[in-house]
1. With respect to the numbered conditions (1) surrounded by 15 or more Cβ atoms within 10 Å (Cβ to Cβ); (2) touching a Ser or Thr at 6+ places or on another chain (Cβ under 6 Å), which one is the sole condition not fulfilled by Leu539?
2. Given the residues Ser607, Ser592, which is the only one that is modelled with pLDDT under 90, open to solvent by 40 Å² or more (accessible area, probe 1.4 Å), closer than 19 Å to Asp484 by Cβ and among the polar types (S, T, N, Q)?
3. For the stretch 621-642, name all the residues that are closer than 23 Å to Asp487 by Cα, open to solvent by 20 Å² or more (accessible area, probe 1.4 Å) and either over 39 Å from the mean Cα position of the chain (by Cα) or among the basic types (Lys, Arg) (or both).
4. Select, from Glu319, Glu310, the only residue that is over 28 Å from Asn501 (Cβ atoms) and at pLDDT 95 or above.
5. Report the residue count in the stretch 455-477 for those that are open to solvent by less than 10 Å² (accessible area, probe 1.4 Å) and either in contact (Cβ under 8 Å) with a residue 60 or more places away in the chain or assigned to a loop (DSSP other than H, G, I, E, B) (or both).
6. Could you count how many residues in the stretch 152-162 are touching a Leu at 6+ places or on another chain (Cβ under 8 Å) and open to solvent by 10 Å² or more (accessible area, probe 1.4 Å)?
7. Among the listed residues Lys108, Lys92, which satisfies the condition of being among the basic types (Lys, Arg), modelled with pLDDT under 85 and within 24 Å of Asn170 (Cβ to Cβ)?
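The values are calculated or read from the model by the stated rules, or taken from the named source; none is laboratory data. All of these numbers come straight from a predicted model, not from anything done at the bench. Positions of Cβ are generated from backbone atoms using ideal geometry, with glycine treated the same way; all protein chains shown enter the neighbour counts. Calculation scope for accessible area: heavy atoms of the full protein, side chains included, ligands and nucleic acids excluded. Shrake-Rupley method; radii C 1.70, N 1.55, O 1.52, S 1.80 Å.
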Amino acid sequence: MLINMQKFTLYLFFTLTLFCFSPSFAQFTISSDASVHVGDGVTMISQSDVKNQGTFKVGAGVFTLDASLTNTGTLDLTTATLKLGTSTSSAKTNTLNMSNGSTPISVKHLILDANTSSFTGVSESLGMLRITESLESRSGTLDAKGKIVLANTTATDAAQVIESSDGTVNDIVVERYIPGKKAFRLLASPVNSTGSIRDNLQEGQNNMGTDYSTDNSNDVETYGTHITGSKTGDNGFDASMDGDPSMFLYNQIDQNWEGVPNTDTDKLTVGIPYRLLVRGDRSIDLSSPTAAATATTLRVQGDLHIGEHEPAMATGAGEFSFIANPYQATVNYSLVEREGVKNYIYMWDAGINDNAANPNGKYVTIDLDMLDGGSLSGEFNEYILPGESFFVQNEETLTSTPRLRFQEADKQRAEHIAASSSKTTEDITALITLHKADVANPSDAVVLQFNESYTTQADDEDATKLLNPDENIAILNQGYRVIDKRDLPTKEESIPLFLDNYKTDDYRLDIELSAALPSSTMYLRDAYLETLEEVDSKLTYAFSVDQNTDSKNTDRFSIVFSNETLGNQDFESLSLSVYPNPTKGRVNIETSSIVEAIEVFDITGKSVHNASQTSTVNIQHLNAGVYLFQIQTSEGTSTKKVIKY
């Protein structure tokens, strides 16, 4: 059947099916002076090849193409769904040739349902097809040849690959928009790239020298970024004055960051997360530390992953695994099948709208038992965005092999994502936030949660603290904790806080207590100024740090409890001190109470020494480092940090 549209405008408001009964009549042609307009809600099905030289517009309906498409005219699919093939398509190869010049064609939804057929782009074509909302793969093969793009032009409009049942999508381009702020990002590739890291994230170029005026290579404006790691531009890196790396992988065996060895050979792989310092696009002057950041779009080209995915995991108790979202889709982590990991996730907040509080970004901790993680998580929740990576921690009482299993059903369509809310809980919570003096948003935060069902000794209920590049606050309990779930406090119990990495002089601590404790009163203890401040429902405590190292002591602050009303005159009665500190081995404990038991932990939370009914401990046999002394007295429990040299 041959339909040749000439000097004619056709408006369709009903379903139209174009059948091809003979290869000699296998084309539906719209000539240069003709137009076809398919109305909203209308389905058009073509089993004949479509050649558009004129104007072809499909409204908010479905255009099912079970043949080839060649466009040299005006093709408008902006609000349409383009369905490639049918579930009964016979085995054949169709082509998509978008020869529409430099103006890309936008399509709202693309569905691949080609059965045993395939669709392939024309790599020589100048045109591009940009998917603005979603791609679904049901069956068949789509070889995009780099001519189909999952678009992303703002921080919130990334096109996603929704839950898919089957099919193969190769050589597609995926965009990731990055707002203008110089900061590290924890990123993931949704494709196994066809080219190297350099071909993708650096737009196929790198600087071979450090003179910006002559050496900066920026062939594609507003795309790509610099990746440094060499002073001379070796191994695909952009040359920089110091040669410091800006792209890292996480070594899950050694539990540390390692710079990538090159960008001109290694490729991007689904399931391999990375940390990248994004300064902006490639117009940035690397020789200027004050160069203003710009927004950029990172592009990766390769084969999509469809189906289940199980990432490589750290195997040791309490160890962290760095996990990549394997899909170009938002994943609801609470649906992900998991074993041997704590019920927390750690995400990275680059501080896009919070430069005063966190110029270099910070980790946020999401408690899946609370869903929204309380005020610690801010805008973050259990949803992992496309192109994003995160951390999880193995259980500290590990009894099985840690495992995560991502499945297509874990994907969450944007319209189904609702704002998370905390579960109803009987916990009494103390939210402790550290602020620069005149900044509303916190630089960091921790949470104490009290309930008789919890144990005071650290366990898998608690969230270990990941330290930030800027200010840090942590709870000391057999290591650094960001969420510490404890039994109700006992008389004279002391909970030490850890604060470090101050970036200015004036700060404040805000403490919000959700309800009164049943048998004790909470106080903030400042060991430097020797003050006690009662925490009623809320306490705001302003303080300063200066060149006096004592004011910057990491153990300056602690939370203490009493069943009596206390004032600053009672400061000494709550004091428990250890000396000498630092020490070569012997540590003395000075307190007005009776020392009943002492347990020493290394900074990872591992118990390394025990003693009882003594006020002197010898740790000479331990390696140099930082240790936490958990001291049980007749009046309560206190934790002290001791440095062994």
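1. Condition (2) is where Leu539 drops out.
2. Exactly one of Ser607, Ser592 is modelled with pLDDT under 90, open to solvent by 40 Å² or more (accessible area, probe 1.4 Å), closer than 19 Å to Asp484 by Cβ and among the polar types (S, T, N, Q), namely Ser607.
3. First pass over the stretch 621-642, keeping only residues closer than 23 Å to Asp487 by Cα: 628-641.
Narrowing further to those that are open to solvent by 20 Å² or more (accessible area, probe 1.4 Å): 630, 632, 634-635, 637, 640-641.
Correct list: Gln632, Ser634, Glu635, Lys640, Lys641.
4. Sole residue among the options that is over 28 Å from Asn501 (Cβ atoms) and at pLDDT 95 or above: Glu310.
5. Looking only at that region, the number is 6.
6. 3
7. Lys92
Okay, residues lined up against (1) closer than 22 Å to Gly302 by Cβ; (2) of a type outside the set (S, T, N, Q):
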position	(1), (2)
Glu221	no, yes
Thr232	no, no
Leu249	yes, yes
Pro273	yes, yes
Leu276	yes, yes
Asp281	yes, yes
